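Inspection log for the structure reproduced underneath, given as structure tokens.
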Amino acid sequence: MSLEKPYLIFTNTLQKEFRNKMLLFILAFTVAVILGANVVINLLNDKVVTDFGMKDMAIGDKAMIGFYWFINLWSVGLAVLLGSNCTKSDFENHVIPQLLSFPIRRIEYLLARIFGTWFMVMGYYLFSIVLAMVSFSLTSGTLVKGGAFFGAVLINSFAILPIIILAVLFSFFTPKLVTFIGVGMLYLLMSISAGNLHPLPFSEMLNDLSFMKIVALGLYFFLPHSSILDRFSSATLFDTPFEVNILFEVGHYALTMALLILIATWVFRRRDL
């Protein structure tokens with residue numbers, strides 16, 4: 001398989017998003033949040049900091065923890081926004097027939113758009129983290145310890161990718177606003193089901209079945225565990241214990257991601273151009 005045509009679609013995705021005024025607004029808003037955090041960095045409530053287990057951290061590290069929680073949630077929203085637009089805009093602008101005439105297979109086009117969007121989201125994520133680290137280090141006069149943050153970002157990158165694919169899949173059927181709300185609600189349900197079922201041994205998962213539990217089991221077994229990856233990244237960041245079956249989670253992630261991509265490709269192939 002030649003990568004020349006998918007690479008062109010990949011770079012076109014980056015160019016398209018760079019021209020997106022919404023992305024520029026989000027970057028400006030992020031910079032404003034960081035500057036605002038610097039203004040109040042010395043006014044952090046010590047009680048709140050102690051409650052979250054950060055009593056012995058430098059002031060810059062404390063601010064960085066708070067910003068990490070914010071940017072983590074914000075990046076999930078950005079993944080949904082960009083994911084809902086990455087293929088839909090090609091249909092709305094009637095350029096999809098031209099793009100597929102390169103020629104390029106539909107799965108190659110779809111993966112190039114998805115990974116281009118993922119690259120944009122993670123680029124924004126890393127830019128925000130690095131900018132915050134430098135800014136908080138200069139303001140506090142202490143060097144923010146960045147190794148744990150970069151490790152957490154790396155883990156979270158795998159949590160964000162399935163969210164983009166879900167947004168693409170939803171966008172084939174619904175307007176952008178409905179896609180944003182729908183994927184957000186689905187992500188919330190995925191988080192709730194994983195939070196309730198993850199601690200249970202397999203032998204207990206099928207006990208006391210009800211309609212809601214069957215739905216939760218379906219979400220848990222057939223969709224990627226983005227929320228578990230998010231919790232694992234937080235455990236890595238705080239160096240706190242979090243029990244996880246690595247072999248099961250890696251295998252489950254690979255299988256469910258493959259399933260999502262196959263479903264998205266199947267739906268895409270049946271779309272009218």
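The values are calculated or read from the model by the stated rules, or taken from the named source; none is laboratory data. Since we're looking at a predicted model, the values are computed, not measured. Cβ sites come from the backbone with ideal geometry, for glycine too, and all protein chains shown count toward neighbours.
May I ask you to list the residues in region 70-98 that are farther than 16 Å from L177 by Cα and part of a helix (DSSP H, G or I)?
Result: F70, I71, N72, L73, W74, S75, D90, F91, I96, P97, Q98.
Quick check on this structure: which one of I246, I263, I214 is aliphatic (A, V, I, L, M) and in contact with a helix residue (DSSP H, G or I) (Cβ under 9 Å, 6 or more places away or on another chain)?
I263
How do the helices (runs of 4 or more DSSP H) wholly within region 144-210 filter down when requiring 1 or more residues that are free of Cβ contacts under 8 Å to residues at least 12 places away in the same chain, farther than 22 Å from G123 by Cα and not aromatic (F, W, Y): which remain?
Per the criteria, 176-197, 202-205.
Could you please find all residues in region 1-29 being modelled with pLDDT under 85 and in contact with a helix residue (DSSP H, G or I) (Cβ under 6 Å, 6 or more places away or on another chain)?
Result: E17, L23.
Quick check: is even one residue across region 224-231 outside any helix (DSSP H, G or I), surrounded by 12 or more Cβ atoms within 10 Å (Cβ to Cβ) and at pLDDT 85 or above?
Yes, region 224-231 contains at least one residue that is outside any helix (DSSP H, G or I), surrounded by 12 or more Cβ atoms within 10 Å (Cβ to Cβ) and at pLDDT 85 or above.
Does K213 satisfy being surrounded by 13 or more Cβ atoms within 10 Å (Cβ to Cβ), closer than 27 Å to L110 by Cβ and among the charged types (D, E, K, R)?
Spelling it out, it is not the case that K213 is surrounded by 13 or more Cβ atoms within 10 Å (Cβ to Cβ), closer than 27 Å to L110 by Cβ and among the charged types (D, E, K, R).
From L262, L255, L219, grab the single residue that is of a type outside the set (D, E), crowded, with 17+ Cβ neighbours inside 10 Å, on the phi < 0 side of the Ramachandran plot and modelled with pLDDT of 85 or more.
Of L262, L255, L219, the one residue that is of a type outside the set (D, E), crowded, with 17+ Cβ neighbours inside 10 Å, on the phi < 0 side of the Ramachandran plot and modelled with pLDDT of 85 or more is L219.
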